[in-house]
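Asker: I have a structure here, written as structure tokens, and I will follow up with some questions on it.
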Amino acid sequence: MTDLKKDLKLNKKGPIKINIGLKQIVIAIVALFFISSILISAGEIATTTNEKPISKIISDIKAKKVKKIEIVGNKVLVHYSKDRIVTTSKEEGESFVKTLTDAKIDPTSLEIRVKSTDTGSMIANFLANVIPTLLMIGFFIFIFRQARGTQDSIFSFGQARSKLYNKEMSRITFDDVAGVDEAKKELAEIVDFLKNPKKYNKLGARPPKGVILVGPSGTGKTLLAKAVAGESHVPFFSVAGSEFMEMLVGIGAARVRDLFKTAKKNSPSIIFIDEIDAIGRTRSVSAMPAHDEREQTLNQILVEMDGFEQNDRVIVVAATNRGDLLDSALLRPGRFDRRVLVDYPDIEGRKAILKIHSRGKPMAKNVSWEKVAKRTVGFSGADIENMLNEAAILAATRNKSSISMDEIEEAATKVKLGPEKKRLQTDMDKKITAYHEAGHAIVTYFQKGTDPVHRISIVSRGMALGYTLIPPSSDRLHETKTHLVQMITSMMGGRAAENLVFKDITTGAANDFDQATRIARGMVIDYGMSSLGPINYGPTSDVTEWGSTFYASENHSDATRLKIDNEIRKIVEDCYGQAKKILKTNRKKLDAVAFALIKKESLDDEEFLALVVNKLR
């Protein structure tokens with residue numbers, strides 16, 4: 001009774017919702033069909049068991065073995081003394097009583113009952129008519145439901161698929177973003193304008209209609225947008241550029257209209273479009289547009305951001321890592337008033353990022369953020385976050401209670417080069433790899449003004465059998481010709497060491513040649529650092545009267561191309577010769593570093609310096 005009362009109390013909370021699906025309807029119809037079949041054939045099933053000829057039944061009646069007879073249509077059920085029932089059949093239209101009389105049996109000496117079959121026939125006829133009707137009704141219900149779902153999906157094509165965020169949903173603030181102070185300042189002004197519009201209106205200032213964040217992947221563009229969502233107390237609509245695209249032409253434009261319509265209703269508000277280059281690329285200037293749907297979507301964005309209708313209380317924030325592909329009409333003032341570069345962080349930015357992502361991670365006392373920041377030159381914010389996460393995983397694998405510099409160093413190397421691979425190598429392979437990497441390190445050390453060697457290893461990572469890490473010692477803004485030549489010379493150190501020691505060469509320097517050739521080609525073609533003079537020989541960009549950017553092909557003669565090739569070859573060969581000269585002069589240091597690598601597999605900067613300095617003495 002207690003459970004029943006609980007159930008009744010629960011039922012009083014609200015009406016019971018019944019959700020009948022197509023599956024349940026089909027099961028019910030099939031069950032009805034089987035029930036009707038059972039009712040119709042019940043008598044037939046019964047008569048097929050213990051059936052005897054009528055002559056045998058008459059003999060048993062004369063022998064006083066039969067207690068009762070039941071007549072159901074043309075079937076006769078005969079009840080014997082021990083509750084045994086057998087059946088027999090009489091002819092159509094023939095009376096069973098007459099059959100007994102003809103056999104000289106008194107019908108009154110037996111209990112004879114006649115059962116009517118009208119009820120069974122009515123049930124059979126009813127079910128025979130109802131079941132097909134139910135099947136048809138179920139079929140049409142299914143068709144109508146499908147048609148309604150298709151209709152709803154068709155009409156929802158034009159609805160924007162943006163996500164609405166508020167301050168409760170996004171807990172990320174500007175305090176969680178570091179290394180991009182300029183971008184934070186630009187976005188903080190927009191948030192402040194939305195919070196305190198009167199302060200700016202007094203001076204006649206209008207809010208920027210749009211801010212576009214441009215920069216490499218992983219530098220924090222989307223994270224900045226999340227921080228804006230967390231800081232602003234206004235509706236924040238987030239959508240990806242690819243979500244506007246569909247097979248049907250015009251759907252993207254309809255979604256743009258719906259998005260801005262919703263944002264205007266909730267103004268003041270912010271719209272964030274991630275990866276806007278998916279729809280904002282430069283429009284085609286040919287007679288036949290390259291992608292009509294994308295261009296219609298872009299045209300609608302241009303109209304919504306700066307058309308005839310005033311749109312002062314909706315601010316658009318966009319992000320892309322391909323700013324060079326965007327249409328010039330999209331980037332002009334009045335649409336995207338501010339173009340913010342979100343670049344790789346400098347050393348102070350990396351320190352701040354390290355402190356943010358180290359929250360909640362127990363760090364050992366020997367961890368120096370200054371040293372880690374110098375070690376991670378060229379790392380993006382995402383790289384640093386991934387590095388600290390990998391360091392935490394490695395410390396847990398080693399059953400440590402805190403993260404030390406060893407785990408951070410290993411994680412930094414893993415992020416850039418990949419995990420270690422314990423490949424089976426012969427002693428000769430190890431020796432070749434050791435001299436190759438030692439050649440890089442020695443040539444780098446004995447060139448004035450080069451960055452210091454950080455780590456040398458002959459442990460395979462990724463596609464490389466070994467590596468020599470020479471990270472920049474500082475965030476260099478300009479590259480000099482001297483430094484570029486020194487970089488090429490260091491890259492030639494591996495092949496020079498192989499040739500010097502083994503009097504032969506291997507395939508291990510392929511990647512070195514690729515990087516060296518790229519630098520030398522840039523010096524000749526782009527930077528004017530050769531005897532050909534300060535002339536750009538590469539492909540150039542141009543802007544047409546319609547604002548479309550294209551890249552022209554090289555338009556210089558074969559003789560000029562030959563000169564370019566000769567200049568590139570001269571730079572690389574001179575650097576190769578300089579590397580061989582350095583290694584011949586410092587052969588003992590080369591051998592010492594190579595033998596140490598064969599023995600220990602890896603050397604850090606202090607161990608490398610100890611070997612070189614001792615040999616110098």
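Asker: With the structure loaded, tell me whether GLY230 is under 21 Å from the mean Cα position of the chain (by Cα), more than 22 Å from PRO333 (Cα to Cα) and surrounded by 15 or more Cβ atoms within 10 Å (Cβ to Cβ) or whether it fails that test.
Answerer: In short, no.
Asker: Related question: Under 6 Å between Cβ atoms, which residue pairs at least 6 apart in sequence (or on different chains) link something in the range 260-271 that is farther than 11 Å from VAL316 by Cα and in the same structural domain as ILE190 (by TED's automatic domain parsing) with a partner that is at pLDDT below 85 and not hydrophobic (A, V, I, L, M, F, W, C)?
Answerer: Pairs that qualify, where the first residue is farther than 11 Å from VAL316 by Cα and in the same structural domain as ILE190 (by TED's automatic domain parsing) and the partner is at pLDDT below 85 and not hydrophobic (A, V, I, L, M, F, W, C), are ASN266/PRO235; SER267/ARG313; PRO268/ARG313.
Asker: Given the residues ILE432, ILE408, which is the only one that is assigned to a helix (DSSP H, G or I), hydrophobic (A, V, I, L, M, F, W, C) and in the same structural domain as ASP512 (by TED's automatic domain parsing)?
Answerer: Every option except ILE432 fails the conditions.
Asker: Here is a further query. If LYS68 satisfies every condition in (1) at positive phi; (2) modelled with pLDDT of 75 or more but one, which is the exception?
Answerer: (1)
Asker: Among the listed residues ILE353, ILE393, which satisfies the condition of being part of a helix (DSSP H, G or I), at pLDDT 90 or above, among the hydrophobic types (A, V, I, L, M, F, W, C) and buried (at least 19 other Cβ atoms within 10 Å of the Cβ)?
Answerer: Residue meeting the stated conditions: ILE353.
Asker: Let me ask something else. Scanning for something over 30 Å from ALA205 (Cβ atoms), touching a residue at least 60 places away in the same chain (Cβ under 8 Å) and not hydrophobic (A, V, I, L, M, F, W, C), does the range 356-364 turn up at least one residue?
Answerer: no
The values are calculated or read from the model by the stated rules, or taken from the named source; none is laboratory data. Remember, predicted model here, so these are calculated numbers, not experimental data. Positions of Cβ are backbone-derived with ideal geometry, glycine not excepted, and every protein chain shown enters the neighbour counts.
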